[in-house]
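Student: Pasting a structure below so you can have a look.
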Amino acid sequence: MSPAFQYRLRTPAPLVSVEDYRHAARRALPSMVWAYLDGGAEDERTLRANRASFTNWHLRQRVLSGHACADLAVTIDRQRLDLPVLLAPTGLTGLAHWSGELAAAQAAEQAGTRLTLSTASSYSIEEVAAGTSNDHWFQLYPWGDGPFSDSMLSRARDAGYRTLVVTVDVPVQGNRTGERRTGMGHPPILTPRRMADAAIRPAWWYGLLRHQRMTMRSLTHITGARGAVESVSIQNRRIRPDLSWRDVASLRERWNGPFIVKGVLEPDDAVHAVDDVGATGVVVSNHGGRQLNGAIASVDALPDIADAVGGRATVLLDSGVRTGSDVITALALGADAVMIGRPYVYGLAVAGGAGVGAVLDILAAEMRSTLTLMGVARVADLDRDHLRRADA
Ligand code: FNR
């Protein structure tokens, strides 16, 4: 028989929201890694706007609708997802937890969705494909030269990835002052304080040293990098400021499956991507406030882009999604699904793949209860009539 109560000096509070996972991840990670994961560009005005702009919209509560359940399923390019939330590409995810993108991809498929594997991932294209049973998405930086992208495209194709996401908002690396301040530069600056900060997190260090997931594994044969900071520095040298639509069009010619351009904030760019380049979709994104500081919040850019290309192409949104009601707001504004970046990496930092699953479960439960409280049966039924502008 179990006792009526247990006495503990302190009961750990359960983690019931993405924000709870954020706080727990902060405690689990050394400051340098936290700055890399959570920070934005310069004074982080766009990072903050990504959150604040969701409050420009209110959800309409319609009572007594008689609907018994809330269906979260969506179909993107003939691929059914059980929930309208994909995991965004995040580089060097193994820094948050050694199990990295592989555990995240496995958690995503258990939840009925997919991971978008970053070019800069800590598990290679082939490792993630071998450890999962579904066709996850692959993200490519169009770093230009033919042989590099040819080899990445054919590796992704051979490993079974069907959807290609091309990220276009990194012609230069955003000015991440927080990363530089904490010594996440090259070479890394180690002070006694920073070393102590790392030393009080033995689980993190053990995972890091035992599993060695500090480099961009799809690229190590090209870069020869031995550590995270060296990987980032080599990646930064490959970035090309002279990128143009021609580079993206040339990738499109070499990829047969769904082709999604990530990092679009202007309707004209979305139209160009779809009509002239032949993209099957766009991700309305400011890279989580990590690139152009001062750029518009993604959710503010979404309605015009959905009006311009929605219905003809997939419209995804990322940057700032932290709750189920954020997802519902984005879908009502015209997104077909959203991507989350930091939220799943918080989950990963706290509890590996189980933490990613927990974050997805939290968002799914919040979406279901939000839809039910709004009197909506299916995410597919959402449109702008379900919203009111806060200032209207
Ligand atoms: C990113 N992002 C990103 N995007 C991309 O296309 N390729 C990449 O390698 C990375 N790497 C990366 C690392 C980290 C640590 C973060 C936080 C983000 C951007 C990412 O795909 C997505 O656009 C944002 O994370 C979305 O914002 P939220 O959900 O983090 O607010």
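The values are calculated or read from the model by the stated rules, or taken from the named source; none is laboratory data. Note that the structure is a prediction, hence the values are computed from the model and not measured. Heads up, the Cβs are rebuilt from the backbone with ideal geometry, glycines too, and the neighbour counts pull from every protein chain shown. Surface accessibility is based on the protein's heavy atoms, side chains included, excluding ligands, DNA and RNA. Shrake-Rupley method; radii C 1.70, N 1.55, O 1.52, S 1.80 Å.
Student: Just to verify a number: FRET efficiency for Arg62 and Val16, C-beta to C-beta distance, R0 = 35 Å, to 0.05? Present the calculation step by step, with values, prior to reporting the outcome.
Tutor: Details: r = 26 Å, r/R0 = 0.75.
So the FRET efficiency works out to roughly 0.85.
Student: Quick one: pull the percent of accessible area on the chain belonging to carbon and sulfur, 1.4 Å probe, ligands and nucleic acids left out. Before the final figure, lay out the partial values.
Tutor: Numbers: 9090 of 17350 Å².
Summing carbon and sulfur atoms, their accessible area is 52 percent of the total for the chain.
Student: Right, something else. Sequence-distant or interchain residues sharing an amide H contact under 5 Å with Thr314, placed H: which?
Tutor: Distant-sequence amide H within range of Thr314: Gly281, Val282.
Student: In nm, what is the difference between 0.36 nm times the number of residues separating Asp77 and Glu126 and their Cα-Cα distance? Could the numbers behind the result be given before it?
Tutor: Numbers: separation 49, 0.36 × 49 = 17.64 nm, distance 2.31 nm.
My answer for the length gained is 15.3 nm.
Student: Specify which residue in the list Ser133, Ala120, Ala103 is farthest towards the positive end of the charge dipole of the stretch 82-198, using unit charges on the beta carbon of Lys, Arg (+1) and Asp, Glu (-1), about the Cα centre.
Tutor: Ala120
Student: Might you work out the accessible area of Val271 for me, using a 1.4 Å probe with all protein chains in place, and round it to the nearest 10 Å²?
Tutor: About 50 Å², ignoring ligands and nucleic acids.
Student: Follow-up. If I model a spin label at Arg27 and Thr177 as a point 7 Å from the Cα along the Cα→Cβ vector, what separation in nanometres do I get?
Tutor: About 3.0 nm, to one decimal.
Student: Let me ask something additional. Apply the Karplus curve 6.51 cos²θ - 1.76 cosθ + 1.60, θ = phi - 60°, to the phi angles in the stretch 27-43 and return the couplings in whole Hz, x for Gly and Pro.
Tutor: Once rounded to whole Hz, the list reads 5, 7, 10, x, 4, 4, 5, 4, 4, 5, 6, 9, x, x, 8, 6, 7.
Student: Quick one: order Trp98, Trp255 from most to least accessible surface, probe 1.4 Å. List each step's numbers first, then the result.
Tutor: On the way: Trp98 95, Trp255 10 Å².
Result of the area sort, largest leading: Trp98, Trp255.
Student: Same structure again: State whether the stretch 247-392 is rounded, prolate or oblate according to the following rule on the C-alpha gyration tensor (a ≥ b ≥ c being the square roots of its eigenvalues): a/c under 1.5 gives rounded; otherwise a/b larger than b/c gives prolate, and the remaining case gives oblate. Don't skip to the answer; put the middle values down first.
Tutor: Numbers: a/c = 1.72, a/b = 1.27, b/c = 1.35.
Oblate, because a/c is 1.5 or more while a/b does not exceed b/c.
Student: Looking at the chain, what % of its DSSP beta bridges pair antiparallel, to the nearest 5?
Tutor: On the way: 6 of 31 bridges.
Of the beta bridges lying entirely in the chain, close to 20 percent run antiparallel.
Student: Once you order the gyration tensor axes a ≥ b ≥ c over the Cα atoms, which shape class does the stretch 59-135 get: rounded for a/c under 1.5, otherwise prolate or oblate by comparing a/b with b/c? Spell out each step's value before the answer.
Tutor: Numbers: a/c = 3.01, a/b = 2.28, b/c = 1.32.
Because a/c hits 1.5 or more and a/b exceeds b/c, the stretch 59-135 counts as prolate.
Student: What nm value, rounded to one decimal, do you get for the distance between Asp158 and Ala377 when each label is placed 7 Å out toward the C-beta?
Tutor: The two pseudo-label positions are separated by 4.9 nm.
Student: To the nearest 20 debye, what is the magnitude of the charge dipole of the chain about its Cα centre, counting +1 on the Cβ of each Lys and Arg and -1 on the Cβ of each Asp and Glu?
Tutor: On the way: 42 positive and 41 negative charges, 294 e Å.
Dipole about the Cα centre, nearest 20: 1420 debye.
Student: With all protein chains present and a 1.4 Å probe, how do Ile200, Ile362, Ile222 order by accessible area, largest first? Could the numbers behind the result be given before it?
Tutor: On the way: Ile200 125, Ile362 25, Ile222 70 Å².
Putting Ile200, Ile362, Ile222 in descending order of accessible area: Ile200, Ile222, Ile362.
Student: In addition: In square angstrom, what is the accessible area per residue of the chain with a 1.4 angstrom probe? Mind showing how you got there, number by number?
Tutor: Numbers: 17350 Å² over 392 residues.
Here the per-residue accessible area is 44 Å².
Student: Moving to a separate point now. Would you mind classifying the stretch 1-128 by shape? Square roots of the alpha carbon gyration tensor eigenvalues, ordered a ≥ b ≥ c; an a/c under 1.5 is rounded, otherwise it is prolate if a/b is larger than b/c and oblate if not. The partial results should precede the final answer.
Tutor: Values: a/c = 1.27, a/b = 1.04, b/c = 1.22.
Rounded, because the longest to shortest axis ratio a/c is under 1.5.
Student: Output wanted: per-residue J couplings in Hz (rounded whole) for the stretch 101-108, from phi through Karplus 6.51 cos²θ - 1.76 cosθ + 1.60, θ = phi - 60°, x for Gly and Pro.
Tutor: So the J values, rounded to whole Hz, are 5, 5, 5, 5, 5, 5, 5, 4.
Student: Spelling out what I want: for every residue of the stretch 123-132, take phi, set θ = phi - 60°, compute 6.51 cos²θ - 1.76 cosθ + 1.60 (Karplus), and round to whole Hz; glycine and proline get x.
Tutor: 10, 6, 3, 6, 5, 5, 4, 5, x, 9
Student: Add -39500 (n - 2.57) for each DSSP H run of 4 or more in the chain, then divide by its residues: what number comes out at 222 nm, to the nearest 500 deg cm²/dmol? If you can, show how the numbers build up before the last one.
Tutor: Numbers: 16 runs with 164 residues, N = 392.
The helix-only estimate for the chain comes to -12500 deg cm²/dmol at 222 nm.
Student: Residues with amide H under 5 Å of Leu140's amide H, sequence separation 5 or more or different chain, H placed in the peptide plane at 1.01 Å from N; which?
Tutor: It is Val165, Val166, Thr167, by chain and number.
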